[in-house]
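Every number in this text was worked out from the coordinates using simple rules, so none of it is lab data. Since this is a predicted model, take the numbers as computed values, not measurements. Here the Cβ positions follow ideal geometry from the backbone for every residue, glycine too, while neighbour counts run over all protein chains shown.
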Amino acid sequence: MMTPSSLPGRPLRLGTRGSPLALAQARMTADALCARHGWHADAIQTVIVQTSGDRIQDRALAEIGGKALWTKELDRALLAGEIDFAVHSMKDVETIRPKEIRIAAMLPRADVRDRLVGADSFAALPASPVVGSSSPRRAAQVKRLRPDAQVVLFRGNVATRLAKLAAGEVHATLLAAAGLDRLGQGEVGTSIPLDVMLPAPSQGAVGIEALASNAPMLATLAAINDPDTFDCVMAERAVLKGLGGTCHSPIAALGRLEGGTIRLSAEILSADGQERVSDVRDIARRDTEAAEAMGRALLDSASAELRALFEA
């Protein structure tokens with residue numbers, strides 16, 4: 001375990017995107033490390049790395065490279081030795097990671113739900129509502145609930161999306177409760193029950209990555225790992241692996257601990273939301289093979305048209 005006396009002759013460099021939410025999550029991580037190890041705040045230096053996903057705001061992620069747009073520049077900085085560890089929203093991290101990089105820790109998970117902003121409920125939206133979202137999963141779920149809805153591309157950080165809503169570009173939008181809460185905007189929107197809208201895999205979780213070869217750094221980060229969050233999120237990511245899912249694919253998954261077992265719920269949907277295949281299974285903690293098998297079983301139960309979304 002690294003201690004203040006065994007730190008390198010410089011602050012540890014924390015890599016992060018530069019959005020307000022990313023910076024809030026970076027501060028949470030730095031505060032947790034300092035509290036756990038008894039460090040002063042200046043023991044950690046924040047290094048902002050601009051990502052392609054932040055630069056390109058006018059197209060859907062699936063069209064321009066998927067989730068790698070949030071991680072590839074941070075991966076490059078980590079592999080080049082420019083940062084010592086990276087902090088991510090786990091739902092933005094691709095399912096298959098470079099073998100040189102390891103997910104070392106996750107902070108305690110926040111609210112996993114989505115919030116509807118602009119209306120109190122889906123039923124309260126007007127006829128033929130226009131809903132802003134860049135998420136295929138949210139778009140499909142909205143269309144399942146409101147087949148008359150038109151979902152339009154809505155990218156940008158939380159403030160940008162809320163400004164577009166306030167300007168009347170759409171009737172409503174959807175945002176993660178965790179992000180709003182971390183930005184001090186917990187009063188914004190109406191939380192959607194989990195039985196109405198299952199969240200994205202890993203939603204609400206903050207992950208920290210380091211080089212797989214850097215054992216002291218991995219041990220230092222492991223000291224702030226929340227095992228319950230880690231095990232549930234890794235189960236959700238294993239479902240994704242079993243599905244072979246991408247940013248093109250409407251996928252929802254959530255693991256919740258019940259006793260010593262993970263109750264794992266997952267669903268896949270057609271783009272228009274009219275086909276939905278779902279399952280709920282109890283699996284042992286760290287049994288990623290069972291979670292992968294659940295993903296494959298969802299595909300086996302789907303129509304050829306729905307399966308094709310996962311083969312692109």
Result: in the chain the number of Lys pairs with C-alpha under 21 Å apart, spaced 8 or more or on different chains, is 10
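With only alpha-carbon atoms in the gyration tensor, what are the semi-axes of the equivalent ellipsoid for the chain, in Å, largest first?
Values: eigenvalues 211, 105, 62 Å².
Working from the Cα gyration tensor, I get semi-axes of 32, 23, 18 Å.
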Once normalised by the length of region 172-268, the mean sequence separation of its alpha carbon contacts under 8 Å that are 6 or more apart gives a contact order in percent of 27 percent
Highest GNM mean-square fluctuation among 50, 203, 141, for the chain with Cα springs under 10 Å, belongs to 50
If amide H atoms are modeled at 1.01 Å from N in the peptide plane, then the residues at a separation of 5 or more from residue 212, or on another chain, having amide H under 5 Å from its own are 101, 102
Largest fluctuation, 96, 208, 251 only, Gaussian network model of the chain with Cα springs under 10 angstrom, belongs to 96
Quarter of the surface of the C-alpha convex hull for region 114-191, i.e. direction-averaged projected area in nm², equals 4.5 nm²
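Where does each of 90, 217 land when they are ranked from fewest to most other beta-carbon atoms within 10 angstrom?
Fewest-to-most ranking of 90, 217: 217, 90.
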The long-range amide H neighbours of residue 13, using H built 1.01 Å from N in the peptide plane and a cut-off of under 5 Å, are 45, 84, 85
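At 222 nm, what helix-only mean residue ellipticity would the chain give, in deg cm²/dmol to the nearest 500, using -39500 (n - 2.57) for each DSSP H run of four or more?
Details: 11 runs with 106 residues, N = 312.
The helix-only estimate for the chain comes to -10000 deg cm²/dmol at 222 nm.
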Checking 205, 177, 24 against a Gaussian network model of the chain (alpha-carbon springs below 10 Å), the top fluctuating residue turns out to be 24
Expected sort for 192, 48 with the fewest Cβ neighbours (10 Å cutoff) up front is 48, 192
Region 90-244, convex hull of Cα, quarter of hull surface, nm² -> 10.0 nm²
